[in-house]
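Q: There's a structure below that I have some questions on.
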Amino acid sequence: LILTAQNTGMGLFTQNDGTVELTYGWGGDYTQNKGTLTTAGTNVTMGGNGTNSVFKGIINPNGAGNIGTLVIDGSVEFDNTRYIVSLQGTSTSDLVDIKDSNFDITGLRTLDIGLWSEGDYKILVSASDITGLNTNNVAILINGGAISNNRIQTDLGFNNTTNELWLTTAVNGGNLEVIWDKPMQNWNTSDSNWTNEQVVFAPGDYAKFL
């Protein structure tokens with residue numbers, strides 16, 4: 001479902017599955033039981049004064065392929081929520097901006113890095129204290145997969161003064177050039193030349209074929 005208008009003063013919208021794409025926003029109550037909420041604009045607003053938004057699925061402010069901000073006004077609840085975030089450069093990323101002090105984000109369970117970069121990124125900001133979120137309970141993925149390469153470092157932390165959630169990413173030792181030195185330079189299609197590419201490679205590494 002694609003909503004292209006500035007939908008203000010609306011009633012309750014319930015999403016039970018599939019994908020909802022917002023170009024400008026939704027001005028009423030919103031309950032996501034499953035599925036994905038994504039955006040087609042770089043600054044989209046959900047809710048408003050007195051509204052209630054509940055997210056039980058996936059939110060992705062970068063649905064249009066551009067770094068985006070999802071502004072959420074009114075009461076907000078994250079309940080087993082997955083947040084797909086895209087990173088760009090050393091400090092630019094998608095952002096969830098919660099305007100109301102009536103919120104509960106303790107149900108943020110997964111942070112999925114859809115586009116990788118190295119740096120420090122403000123990924124969520126709120127109107128009041130967010131330290132009730134236990135970052136140890138938030139699983140961090142890359143493109144939906146678990147991080148199995150111990151060179152990849154991620155860290156979630158708070159700025160308590162400004163009520164911000166920050167993600168820091170890095171590849172220990174920098175990126176590698178992995179050299180292919182198999183005999184005959186033939187790719188083995190029946191077995192694994194690199195037995196586990198997620199362990200061998202980190203984002204930004206590359207292979208050199210001799």
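The values are calculated or read from the model by the stated rules, or taken from the named source; none is laboratory data. No experiment lies behind these values; they were computed from the predicted model shown. Methodologically, a virtual Cβ is constructed for each residue, glycine included, from the backbone with ideal geometry; neighbour enumeration extends over all protein chains shown. Heads up: the accessible areas ignore ligands, DNA and RNA and are worked out on the full protein's heavy atoms, side chains in. Shrake-Rupley method; radii C 1.70, N 1.55, O 1.52, S 1.80 Å.
Q: Can you confirm whether residue 84 is touching a Ser or Thr at 6+ places or on another chain (Cβ under 7 Å), open to solvent by 30 Å² or more (accessible area, probe 1.4 Å) and of a type in the set (A, V, I, L, M, F, W, C)?
A: Considered against the rule, which asks whether it is touching a Ser or Thr at 6+ places or on another chain (Cβ under 7 Å), open to solvent by 30 Å² or more (accessible area, probe 1.4 Å) and of a type in the set (A, V, I, L, M, F, W, C), residue 84 comes out as no.
Q: Just to check your reading of the model, which residue among 94, 129, 73 is modelled with pLDDT of 95 or more and either under 24 Å from residue 20 (Cα atoms) or open to solvent by 30 Å² or more (accessible area, probe 1.4 Å) (or both)?
A: After ruling out the rest, the residue left standing is 94.
Q: How about the stretch 67-180: which strands (runs of 3 or more DSSP E) wholly inside it have at least 3 residues that are closer than 16 Å to residue 202 by Cβ and not charged (D, E, K, R)?
A: 139-142, 152-159, 164-171
Q: Could you list, in sequence order, the residues of the stretch 99-126 that are among the aliphatic types (A, V, I, L, M) and open to solvent by 50 Å² or more (accessible area, probe 1.4 Å)?
A: Answer for the stretch 99-126, where residues must be among the aliphatic types (A, V, I, L, M) and open to solvent by 50 Å² or more (accessible area, probe 1.4 Å): just 115.
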